[in-house]
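What follows is a short report on a single structure.
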Amino acid sequence: MGNQYEIFIDGASRGNPGPSGIGIIISRGEEVIKNISKYIGNATNNVAEYSAFVFALKEALILRLDKIKINTDSELLYRQLKGVYRVKSEGLKPYHEEAMHLMKGFRYLEINHISRIYNKGADKLATMAVKNKAS
């Protein structure tokens, strides 16, 4: 798919909960369209992961991308979005609902669970956001 964009996301939390950040890389082929490193305040790891996913979807909609592939190293996020796991945490339910709603805005959307080894760029951006705010 020539019009397909690939997005790598990650959330980081120093302490759980603690100061947290998100990292997002949006690319098309070898070209990086946008890097996002954003501090999100105190949160759990899972809230940070969901925040990264939701923010990435919003950014993709703003950029008018209609075919996206999102890569996450969060097994919980991946499995909840795919319906394999139920969302039991009350704190995650609003994020899950928002994610499911935003996902309807794309002509094609694929979510992949990847190894952390392949998510170093997004991880670095998320960790950077925490360090810059927490230091």
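Bear in mind that the values in this text are calculations on the coordinates, not laboratory data. In this text, all values refer to a predicted model and were calculated from it rather than measured experimentally. Cβ placement follows ideal geometry from the backbone for every residue including glycine, while neighbour counts extend to all protein chains displayed.
Miscellaneous remarks
- Fraction of antiparallel bridges per DSSP, the chain only, in percent to nearest 5: 65 percent
- Residue-span extension gain [Gln4 to Lys67] - 0.36 nm each, minus C-alpha spacing: 22.2 nm
- For the chain, a Gaussian network of Cα nodes joined below 10 Å ranks Glu98, Glu49, Glu30 by mean-square fluctuation, and the top entry is Glu30.
- Alpha carbon centroid spacing (whole Å) that separates the range 1-70 from the range 95-135: 3 Å
- Helical contribution to [θ] at 222 nm, DSSP H n ≥ 4, -39,500 (n - 2.57), averaged over the chain, rounded to 500: -12000 deg cm²/dmol
- Just checking the listed ones, Leu81, Leu125, Leu102: in the Gaussian network model of the chain with Cα springs under 10 Å, the one fluctuating most is Leu102.
- Loop-resident trypsin sites (Lys or Arg not before Pro) (DSSP state other than H, G, I, E or B) in the range 83-119 with no more than 13 further Cβ atoms inside 10 Å of their Cβ: Arg86, Lys88, Lys104, Arg107.
- Each Lys and Arg contributes +1 and each Asp and Glu -1, all at the Cβ; summed about the Cα centre of the range 5-134, the dipole is approximately 100 debye.
- GNM flexibility winner over the chain from Val87, Val32, Val54 (Cα, springs under 10 Å): Val32
- Förster-model FRET efficiency, 25 Å R0, His113 and Lys133, C-beta, rounded to 0.05: 0.35
- Calculated from backbone phi, Karplus (6.51, -1.76, 1.60) coupling profile of the range 10-26 in Hz, x at Gly/Pro: 7, x, 9, 9, 8, x, 9, x, x, x, 9, x, 10, x, 9, 10, 10
- Which of Val87, Gln4, Leu61, positive extreme of dipole for the chain (C-beta unit charges): Val87
- Extension gain, Tyr85-Arg28: 0.36 nm per intervening residue step, less the Cα-Cα distance, totals 17.5 nm.
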